[in-house]
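*Asks:* Structure incoming, see below.
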Amino acid sequence: MKKTFATLGILSCLLSGCQCKQQEPVTQDENPVITTIMARRSIRKYQPQAVEREKMDIILQCGINAPNGQNKQSWEVRVVDSPAFMEEIKEAIAKGHPDMNPEMAKGCFRGAPTMVFIARDKSYDFSPYDCGLLAENMVLSAWSMGVGSICLGSPVRFLTDNDACLPILEKLGFSEGYELCLCVGFGYADEEPAAKPRDWGKVKYVD
């Protein structure tokens with residue numbers, strides 16, 4: 001119990017430092033969960049190799065064990081680690097957006113070699129939040145195993161606002177009544193980004 005309070009005290013000091021100060025992660029000796037949360041970064045440069053499927057299986061298992069409304073598990077997940085299919089997706093995005101800078105279509109996944117596409121159940125109004133909780137479990141578990149990640153919204157728009165990308169969505173094979181909601185890239189980081197400041201002033205206790 002004393003160790004728990006000590007950990008929370010350290011975390012409080014880290015977070016309350018000031019509006020624009022970067023927060024240093026709590027050491028693993030204090031609490032490995034807090035360490036992972038505080039150390040995680042969004043990665044935008046990756047090594048070329050895909051994440052091993054055995055490791056991705058663990059990440060996916062952590063994802064589907066996220067809390068979700070009424071245990072509806074209102075998501076579907078598709079994993080793409082084939083370079084050929086990744087290129088096919090980028091080509092479809094470029095075709096569907098002829099006015100887009102070709103480099104934007106080429107880099108829309110930030111170079112992540114493994115992409116997870118998450119769809120939501122349109123019949124359940126809480127499903128977007130369920131998908132977000134699923135993704136958070138995945139990115140945290142990935143980071144704890146040395147795998148970087150990035151959550152992406154623009155590929156969702158690029159894949160769903162035109163007819164040229166319909167064959168891609170059909171190939172992903174989501175069930176009827178589901179729509180693409182979120183994309184998460186995974187891979188081994190080729191950069192070490194610094195933490196971005198967090199605005200502790202947006203958090204308040206209400207008595």
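*Asks:* Go through the stretch 92-132 and give me each residue that's surrounded by fewer than 16 Cβ atoms within 10 Å (Cβ to Cβ) and among the aliphatic types (A, V, I, L, M).
*Replies:* M100, M104
*Asks:* Next question, about the same structure. Testing K196 on (1) at pLDDT below 95; (2) on the phi > 0 side of the Ramachandran plot, one condition comes back false. Which one is that?
*Replies:* Every condition holds for K196 apart from (2).
*Asks:* So which residues in the stretch 81-139 are without any contact (Cβ under 8 Å) to a residue 40 or more places away in the chain and in contact with a strand residue (DSSP E or B) (Cβ under 8 Å, 6 or more places away or on another chain)?
*Replies:* Passing the criteria: D81, M86.
*Asks:* Tally up the residues in the stretch 133-157 that are of a type in the set (A, V, I, L, M, F, W, C), crowded, with 19+ Cβ neighbours inside 10 Å and under 17 Å from Y178 (Cα atoms), please.
*Replies:* Of the residues in that region, 2 qualify.
*Asks:* Select from the stretch 160-184 the residues that are in contact with a Gly (Cβ under 8 Å, 6 or more places away or on another chain) and under 26 Å from S127 (Cα atoms) and list them in ascending order.
*Replies:* D161, N162, D163, C165, L182, C183
*Asks:* Between P48, P25, which is out of contact with any Phe, Trp or Tyr (no Cβ under 7 Å at 6 or more places or on another chain) and modelled with pLDDT under 95?
*Replies:* Testing whether each residue is out of contact with any Phe, Trp or Tyr (no Cβ under 7 Å at 6 or more places or on another chain) and modelled with pLDDT under 95 leaves just P25.
*Asks:* Can I ask one more? Is one or more of the residues making up the stretch 149-162 within 22 Å of A105 (Cβ to Cβ), in contact with a strand residue (DSSP E or B) (Cβ under 6 Å, 6 or more places away or on another chain) and aromatic (F, W, Y)?
*Replies:* No.
The values are calculated or read from the model by the stated rules, or taken from the named source; none is laboratory data. All values derive from a computational prediction rather than experimental measurement. Heads up, the Cβs are rebuilt from the backbone with ideal geometry, glycines too, and the neighbour counts pull from every protein chain shown.
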